[in-house]
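Quick notes on the structure that follows.
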Amino acid sequence: MSTAARPSALAPFRIRNYRFQWPSDLLTSWAFEVETLVLGWYIIVETGSVLLLTVLASLQFVGTLVAPVFGMIGDRIGHRDLLVMMRLAYTILSSTIMVLALTGHLTPLNVMIIVAIMGLIRPSDLGVRGALLAEIMPPGQLVGAISVARTTQDSARIAGALTGAGLFAVLGIGLVYVAITCLYLTAALLMLCLSRPKRTVTMSDLPANSGAISRLFGELKEGVVYAWNGPGMLAALCVAFLANLTAFPFTGGLLPYIAREIFHTDQTGLGYLSASFAVGSLIGSITLSLVSGVRIARLLIGATLAWYAMLLVFVEAGTLPVAMACLVLAGIAQSMSMISAAVILMRTASAHLRGRIMGVRMMVIYGLPIGLLAAGSLIDIIGYSATGALYAVSGFVAMLAIAVHWRADLWPVRAPAKVS
């Protein structure tokens with residue numbers, strides 16, 4: 001299998017723009033993961049409040065509701081240029097935290113405010129980079145390119161998990177943020193090295209009269225309606241929303257609480273838990289990059305159900321090694337599920353609407369802050385295990401309902417969402 005598979009796995013790197021986008025995305029993802037863990041540990045140590053921890057994690061996703069607007073802007077000015085501006089903004093915001101930390105003026109309130117500002121921009125990064133990827137890659141290489149692109153997030157989470165919280169303990173938050181700022185700046189410079197892909201829509205198409213704003217809203221509505229009615233697209237969006245609402249809270253924003261309060265471990269234990277999920281995700285991404293002929297829609301169903309099954313075992317795990325093993329398996333299922341959803345959306349979407357479609361995809365991430373805030377409150381009321389079991393079981397049942405309701409779009413071999 002390896003002889004035939006290796007060329008398809010490495011083929012995306014034959015495209016010049018991909019050779020710049022991939023490392024730029026990698027450095028950005030590394031910075032995201034280190035920053036998330038460092039700030040999460042900072043808040044839980046400084047305040048000791050699981051509710052404030054979930055508020056911090058939720059603030060990182062406040063921009064999901066305006067993600068379609070970023071997608072529309074990317075469709076008009078170019079996704080490459082938009083990513084450059086976004087990553088320069090990350091550089092400015094992270095350097096602000098760096099200066100505050102190095103001068104001894106950093107407080108939980110400062111962190112919350114800056115994270116809220118970054119949260120307006122950051123949720124759109126994944127969607128915009130996906131739309132750019134669809135522009136620069138030939139259709140036949142899209143599945144492999146998306147799978148390889150996912151390794152930027154997965155490897156970043158491993159690196160961030162194993163270094164972020166530990167570096168915070170050794171060096172302090174100020175010096176860690178020096179590295180984070182450098183990562184963002186380098187990512188922006190690499191993105192500048194991409195040649196601009198040919199755009200389907202340009203700024204010259206905008207009318208120079210009072211109807212411009214109404215036309216912009218019309219284009220935004222067009223993308224939302226298209227995503228809502230596309231074959232298999234609504235099902236993929238519902239799966240993404242469900243996963244963010246009920247699965248991701250326990251493998252992301254709540255991990256500092258789980259490490260400190262459930263397994264009574266320190267930053268090292270937090271790193272091991274986060275890295276375990278990331279290792280599984282990386283295994284899933286690499287596996288999909290090496291295989292062909294996958295029935296993506298069916299994989300979406302099976303992988304998501306497996307994800308919830310492992311999540312149920314994870315919240316009942318009594319020891320750290322068992323929890324880590326569960327997270328590895330959950331990470332494999334998560335990777336295959338989310339890659340499947342992304343492929344369905346990008347393969348089905350018209351070229352001139354890709355940015356808006358991926359913006360809608362990012363908008364459903366708003367389920368994550370809702371799920372996080374609800375989990376923080378429920379943990380205080382009914383406890384961690386009961387809350388985790390409730391999330392896992394309800395997610396599993398809802399996924400079965402999605403599979404049954406959209407079975408004509410997802411299950412048959414020749415269904416509209418069947419892409420491989």
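The values are calculated or read from the model by the stated rules, or taken from the named source; none is laboratory data. What you see is a predicted model, and the numbers here were worked out from it, not measured in a lab. With ligands, DNA and RNA removed, areas are computed over all heavy atoms of the protein, side chains included. Shrake-Rupley method; radii C 1.70, N 1.55, O 1.52, S 1.80 Å.
Could you tell me what percent of the accessible area of the range 6-56 is made up of carbon and sulfur, with a 1.4 Å probe and every protein chain present? Each step should come with its number before you reach the end.
Values: 1280 of 1960 Å².
Carbon and sulfur together cover 65 percent of it.
Derived scalar couplings between HN and Hα for the range 234-246 equal 5, 4, 4, 5, 5, 5, 4, 5, 4, 5, 5, 6, 10 Hz in order, rounded to whole Hz, by the Karplus curve 6.51 cos²θ - 1.76 cosθ + 1.60 (θ = phi - 60°), x for Gly and Pro. Amide H to amide H distances under 5 Å link residue 265 with 260, where only residues 5 or more positions off or on other chains count and H is placed in the peptide plane. Computed from backbone phi, the HN-Hα couplings of the range 261-269 come to 9, 8, 9, 6, 10, 9, 4, 5, x Hz, rounded to whole numbers (Karplus: 6.51 cos²θ - 1.76 cosθ + 1.60, θ = phi - 60°; Gly and Pro given as x).
Taking the 1.4 Å solvent-accessible surface of the range 95-142 as the whole, the part contributed by carbon and sulfur is 74%.
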